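Reading through the structure tokens given below for one structure.
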Amino acid sequence: MDKSGIIVGSVIGAVIVLVLFTVLFISPPESKPESIVDNEHSSNTVGEVTPVYSKKLSLVEIFGKSEPGVVRVNVQRNESADIANGVGSGFVFDKMGHIITNAHVVNDANKVVITFLDGRSYNAEIIGTDEFTDIATVKVNADLELLHPLSLGDSSNLKVGEQIAAIGNPFGLSGSMTSGIVSQLGRLLPSDNGFSIPDVIQTDAAINPGNSGGPLLNMRGEIVGINTAIQSTTGEFTGVGFAIPSQTIAKIVPILIEKGEYRHPWIGISGRDIDPDLAKILELKDAVGFMVVTVVTDSPASKAGLIGSDKTIEVNGGNYAVGGDIILAVDGKEVRKIDDILIHLQRAKNIGDEMVLEILRDGRTTNVTIVLEERPNGN
């Protein structure tokens, strides 16, 4: 090949290299559609994967996004009655027709009717109830177009002061919203079955008759709780509201759908929190911990050797049980009061699990391992 051919070939090769460099390193990459992150909480979805929304929404946007997934729950308890004699709220959990509401809304029901946003109603089957968390699951064979599952958020991320919204059917009026803030977390809510509901969200959002079973939503439109009860000092339906957290929903509901019931772990003790007066009597440095007063016979606590109070002393006109083990920590987590023990049981423990208690006995700290058993029926 002559020189001219070599020169031409070199020029062509240089041009090709220059073009490739421009395409690969200078030209902007092809734009891709924005990705949607799947909900990582696999235990809270049945058949449907819902997107996680990162941006905050307005109350108007939250209502518009959530209203199609909120239902009215009419309950008939009197066989001879031709009309509903109980009303509550609920929300769509999945595309298979599972609806979540409160256990107290559907307890002792002869008939449950679910009404959707467009007014269409369906008879529902009660799939499972859990009186210890006031959660119930019912199922309808509704048209697929009516089933709009709401996204389940993570209640563990809630902060006191955070804005929230409640949607339900107060006084039987469908599709109503109230808003407020989270006023406290980790509350203990007494119930009629002898066991308190732990880890409850407290809110100042107005929760009125008929709101029970409806969703409590964060400002991303995600469910962070089920509205379950109110506490009012005026006798009116205003004041402090309560909701079962979504962490509990995610743990309980799939089991209710699968088995129709949820078996709770149990320790088998009763007692009292250490307050300043009791701490002074016991010569404790800090007023923290839970004193065991009674140990139930043949309970996990009894089998592990926990000791209850053996005497009562009177101080300034008040009677104090003393002598029992004082629980200072569970699985390495500090116990300030009984709420901490019950919340840990609810969030992290199942029947058959071991739980390590750090206790103070006769002035010395020691560890006791308990094997958790099924909680007996409170009734």
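Throughout, read-outs are computed from the coordinates displayed, never taken from laboratory work. Every value quoted in this text rests on a predicted model; they were computed, and no experiment measured them. We place every Cβ from the backbone using ideal geometry, glycine too, and count neighbours over all the protein chains shown.
Quick look at the values:
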{"item": "Volume per residue that the Cα convex hull of the stretch 168-312 spans, once the total is divided by residue count, Å³", "result": "184"}
{"item": "Sequence ranges 107-117, 131-141, 355-365, ranked by mean other-Cβ count within 10 angstrom, highest first", "result": "131-141, 107-117, 355-365"}
{"item": "Cα centroid separation, the stretch 174-212 to the stretch 262-337 (Å)", "result": "28"}
{"item": "For the stretch 265-374, alpha-carbon Rg and Dmax in angstrom", "result": "13.5, 44"}
{"item": "Ratio of Rg to Rh over the stretch 157-250 (Cα coordinates, Kirkwood Rh, two decimals)", "result": "0.94"}
{"item": "Under 5 Å, built H, 5+ apart or other chain: amide partners of residue 86", "result": "75"}
